[in-house]
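The block underneath contains the structure these notes are about, expressed in structure tokens.
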Amino acid sequence: MMIYLDYAATTPLHAKALQDMQDCWRDRFGNPSSIHFEGQMAEAALQEGRAGLAGMIHAGESEIVFNSGGSESDNLAVRGVAWARCQSNKKHLLISPVEHPAVMQTARQLVKLHGFELEFLPVDGYGQVNPDDVAKALRPDTALVSVIYASNEIGTINPIAEIGAVCRGAGVPFHSDAVQAAAHLKLDVTVEQVDLLSIGAHKFYGPRGVGALYVRKGTPILPMQTGGSQEHGLRAGTENVAGIVGMVEALRLTLDGLEERNLRLVQLRDRLIAGVLGSCRARLTGHPQQRLPNHASFVFEGVDGNFLVALLDQAGFACSSGSACKVGNPQPSEVLLALGLTARWALGSLRVTLGRETNEAQIDAFLSVLPALVERAVVER
Ligand SMILES: *Cc1c(COP(=O)(O)O)cnc(C)c1O
């Protein structure tokens, strides 16, 4: 039996979300854009989902853009706003150096193809952005600020509301990637003062391949996928109605009993962190307290992180080295280098993320095998 400790990569679909999706696929197969009764049935499911999600994050229904997931949300936020803002000659992008590749690579493409200027905000040794640094870096030609809400790699939570206040004061659109945060933090776009917020269903026990972007009313943005007028003209294509129904139900279930689950996760997480730091020559990456309740991440000096993950897999534990999006990539993680770690440390990264099924016995089993496997994964002394 495999012990799954990779909930930041993806989470198993909640049984109730699956049930709702099956009902939807069977009973509401119509195209929501069709005028007839079958179309109306699907449209009703879609509207119910939109109202449900909008309510949970304190947004308006017209501010929700359903799409294919976190990556697409990040792409639309960054590229869509950049394209709109460059029409008024604003071509300065200000992002954190600890963004997910969906933000990072989109920004880099804008530099390469459209002549944008990319500036990275400073971060401290925990990968946290200081709102004062955002205030200092803003310029009259800043097109967009993007700061990840909670890091998928190191778990650190950023002061999004404070950064939001700075950006709002300057009238600069602010995006935050909340794909990891949504599983553990109560999102409220009015408190966070974001103009754009990305979420993806499969990180909170919803289906893969569906997500949403919150776009505050009045935010300058252009569609990147053009065609029909679905999603307020910001994302053409017939909607994934069943996926949306599953995502919204999964988020509802996530918010239900969130605090108690987080308390339980923090206890397990801290037991894991103390166990690893006490038995191996390891460093915790990311903030010790202001981090996701389910997230533990480490670096081991001179260790091959990918090899360690393979050894753990053989021993029956599913974990990850840095980000799952970089499988087979021997380059040290950019995020870990941004924390000031050397490549020698950064190449030995391990991410262990917990979830609904994780219990103390699993953590203890993991801790009992880890030290010997770390020793085997040493590549240089
Ligand atoms: C997983 C993840 C994404 C990408 O989401 P997909 O739905 O897999 O495309 C983006 N940002 C963060 C922080 C993530 O953890």
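The values are calculated or read from the model by the stated rules, or taken from the named source; none is laboratory data. Note that the coordinates shown come from a computational prediction; the quantities given were computed from them, not determined experimentally. For neighbour counting, all protein chains shown are included, and Cβ atoms are generated from backbone atoms with ideal geometry for every residue, glycine included. These area figures cover heavy atoms from the full protein model, side chains too; ligands, DNA and RNA do not enter into them. Shrake-Rupley method; radii C 1.70, N 1.55, O 1.52, S 1.80 Å.
Of the residues making up segment 1-40, those that are more than 22 Å from residue 203 (Cβ to Cβ) and surrounded by 18 or more Cβ atoms within 10 Å (Cβ to Cβ) number 3. It is to be established whether one or more residues within segment 79-93 are touching a strand residue (DSSP E or B) at 6+ places or on another chain (Cβ under 8 Å) and within 30 Å of residue 298 (Cα to Cα). There is no residue in segment 79-93 that is touching a strand residue (DSSP E or B) at 6+ places or on another chain (Cβ under 8 Å) and within 30 Å of residue 298 (Cα to Cα).
May I ask you to list the residues in segment 150-188 that are away from the ligand (no atom under 11 Å from the Cβ) and charged (D, E, K, R)? Within segment 150-188, 162, 168, 186, 188 qualify. Of the residues making up segment 306-315, one or more are at pLDDT 95 or above, open to solvent by 40 Å² or more (accessible area, probe 1.4 Å) and closer than 28 Å to residue 267 by Cβ.
Residue by residue, here is whether (1) buried (at least 24 other Cβ atoms within 10 Å of the Cβ); (2) within 16 Å of the ligand (Cβ to nearest atom); (3) not assigned by TED's automatic domain parsing to the domain that holds residue 244 holds:
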site: 67; (1), (2), (3): yes, yes, no
site: 103; (1), (2), (3): yes, yes, no
site: 117; (1), (2), (3): no, no, no
site: 125; (1), (2), (3): no, no, no
site: 128; (1), (2), (3): no, yes, no
site: 133; (1), (2), (3): no, no, no
site: 136; (1), (2), (3): no, no, no
site: 148; (1), (2), (3): yes, yes, no
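Residue count for segment 1-32 under the criterion of being assigned to a loop (DSSP other than H, G, I, E, B) and in contact with a Ser or Thr (Cβ under 7 Å, 6 or more places away or on another chain): the result is 5.
Of all the numbered requirements in (1) open to solvent by 30 Å² or more (accessible area, probe 1.4 Å); (2) within 21 Å of the chain's Cα centre (by Cα); (3) on the phi > 0 side of the Ramachandran plot, residue 256 misses one, and that requirement is (3).
Comparison of 72, 99 shows that the only residue that is acidic (Asp, Glu), surrounded by 15 or more Cβ atoms within 10 Å (Cβ to Cβ), within 16 Å of the ligand (Cβ to nearest atom) and in a helix (DSSP H, G or I) is 72. When residue 93 is tested against (1) more than 15 Å from the ligand (Cβ to nearest atom); (2) in a helix (DSSP H, G or I); (3) among the aliphatic types (A, V, I, L, M), only condition (2) is not met. Here's a check for you: in segment 189-199, which residue that is more than 11 Å from the ligand (Cβ to nearest atom) and either of a type outside the set (D, E, K, R) or open to solvent by 30 Å² or more (accessible area, probe 1.4 Å) (or both) is nearest to residue 69 (Cα to Cα)? Only one residue fits best here, namely 197.
Just to be sure, is residue 266 within 22 Å of residue 153 (Cα to Cα), among the β-branched types (Val, Ile, Thr) and open to solvent by 30 Å² or more (accessible area, probe 1.4 Å)? Yes: the conditions hold for residue 266. Within segment 232-242, one or more residues are closer than 30 Å to residue 172 by Cβ, assigned to a helix (DSSP H, G or I), without any contact (Cβ under 8 Å) to a residue 12 or more places away in the chain and not aromatic (Phe, Trp, Tyr). Residue pairs whose Cβ atoms lie under 8 Å apart, sitting 6 or more positions apart in sequence or on different chains, and linking a residue in segment 65-77 that is on the phi > 0 side of the Ramachandran plot to a partner that is open to solvent by 10 Å² or more (accessible area, probe 1.4 Å) and at pLDDT 95 or above, are 69/202; 69/208; 69/209.
Is segment 53-67 home to any residue that is more than 27 Å from residue 256 (Cβ to Cβ) and in a loop (DSSP other than H, G, I, E, B)?
Keep residues of segment 53-67 that are more than 27 Å from residue 256 (Cβ to Cβ), which gives none.
There is no residue in segment 53-67 that is more than 27 Å from residue 256 (Cβ to Cβ) and in a loop (DSSP other than H, G, I, E, B).
Scanning segment 200-253 for residues that are on the phi > 0 side of the Ramachandran plot and either buried (at least 17 other Cβ atoms within 10 Å of the Cβ) or of a type in the set (Val, Ile, Thr) (or both) gives 205, 231.
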